[in-house]
Amino acid sequence: MKLVGFYADASNVGKRTVSQALAKVAAEHKYKTLYVELDYLRPSFYTTTGITHTYKNAFMYLDKAMNKGQFEVEPNILTRDEIDISNKILSDQIRRLPGSLDYLVFHNEYIVENFPSIEDRKDPAIYAKELCEKFAQHLRFLSYDLVVISLPTPIDNMFTLPMMLQLDHIVHLVTPNLTRMREFQNSEQILANLTNQDHIRVLNMLPQGMEEEIFSDQLPNLDLAISYDEKLLPEQLELKIGSEKIDREVIKLLNRMDVHIADSKKSKRIFSLR
């Protein structure tokens, strides 16, 4: 199993789009995948996909873990067959999603003010570290090939750095914006202290016709650039995950993580995790 976390220093950088597309594409290629939404401050999975469940959701799990010390994950994982598809448009979209993709995401009635606080704990930093360790341990007990986790902003959030310590890969996204690039550089200095994780740096929403090399001074260690997809918004308005172009790009990202996917134009054979 691989635990992969997606982090961005601000909203509207593409963390949601790229992380969801990567999870979907991996599942389409027969990797059993779990998508986890830890970004409790700005959850967006329901609003962009329509997927929700009253009891099987991230809030119910984290509330039990933080208030009762119950860390068993599986009872709150939502599978495709458990999603309400009474809505015709949503039904068509859900049926297109791979059956090997499951979800631990926030539900449609979640209110951020109801999220448990850790400020009254004896030592909040130690508590957050132990919480993330236990969560990661229970995730690794599950029978998934890949767990894709959307992490909160900012980097000093109680779930972000402590959870990063438990990951195999950290995908750090940035857009070609001077403010975002400065924030990215500051976070990179912090991430440099995490030496046991594979850091993958992604320049997202690169304008058409612009080469990533022009940002080499500000972003010298990029692993991948993803061009802006003008067709993405119409796809998202129809509650679709990813797009044809984004899906092709995240295959490169999966291969970078040693989650090997063959070029479908050359071969239908899928390689297993090594």
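Across the range 61-68, not a single residue is classified as part of a helix (DSSP H, G or I) and under 20 Å from residue 23 (Cα atoms).
Yes/no per residue for (1) of a type in the set (S, T, N, Q); (2) over 13 Å from residue 241 (Cβ atoms):
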| residue | (1), (2) |
| --- | --- |
| 63 | no, yes |
| 67 | yes, yes |
| 80 | no, no |
| 101 | no, no |
| 105 | no, no |
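The rows are residues; the columns are (1) at pLDDT 95 or above; (2) under 20 Å from residue 39 (Cβ atoms).
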| position | (1), (2) |
| --- | --- |
| 65 | yes, yes |
| 79 | yes, no |
| 118 | no, yes |
| 138 | yes, yes |
| 142 | yes, no |
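The residue of the range 13-41 that is nearest to residue 62 (Cα to Cα), among those that are buried (at least 23 other Cβ atoms within 10 Å of the Cβ) and of a type in the set (Ser, Thr, Tyr), is 35. Yes or no: residue 35 under 20 Å from residue 187 (Cβ atoms) and either under 14 Å from the mean Cα position of the chain (by Cα) or not in a helix (DSSP H, G or I) (or both)? No.
Regarding the range 187-199, can at least one residue be identified that is of a type in the set (A, V, I, L, M, F, W, C), open to solvent by 70 Å² or more (accessible area, probe 1.4 Å), farther than 24 Å from residue 29 by Cα and modelled with pLDDT of 90 or more? No: the range 187-199 contains no residue that is of a type in the set (A, V, I, L, M, F, W, C), open to solvent by 70 Å² or more (accessible area, probe 1.4 Å), farther than 24 Å from residue 29 by Cα and modelled with pLDDT of 90 or more. Going by what's in this entry, would residue 93 be described as open to solvent by 10 Å² or more (accessible area, probe 1.4 Å), in contact with a Gly (Cβ under 8 Å, 6 or more places away or on another chain) and not β-branched (Val, Ile, Thr)? Spelling it out, residue 93 is indeed open to solvent by 10 Å² or more (accessible area, probe 1.4 Å), in contact with a Gly (Cβ under 8 Å, 6 or more places away or on another chain) and not β-branched (Val, Ile, Thr).
Within this structure, residue 40 passes the test of being among the aromatic types (Phe, Trp, Tyr) and in contact (Cβ under 8 Å) with a residue 24 or more places away in the chain. Applying the criterion of being within 20 Å of residue 148 (Cβ to Cβ) and not in a helix (DSSP H, G or I) to the residues of the range 73-90, the residue that is most open to solvent (accessible area, probe 1.4 Å) is 79.
The values are calculated or read from the model by the stated rules, or taken from the named source; none is laboratory data. Here the structure is a predicted model, which means the values were calculated and not measured. Because the Cβ atoms are built from the backbone with ideal geometry, glycine has one as well, and the counts that use them run over all protein chains shown. Please note that ligands, DNA and RNA were not included when accessible areas were found on the heavy atoms of the full protein model with its side chains. Shrake-Rupley method; radii C 1.70, N 1.55, O 1.52, S 1.80 Å.
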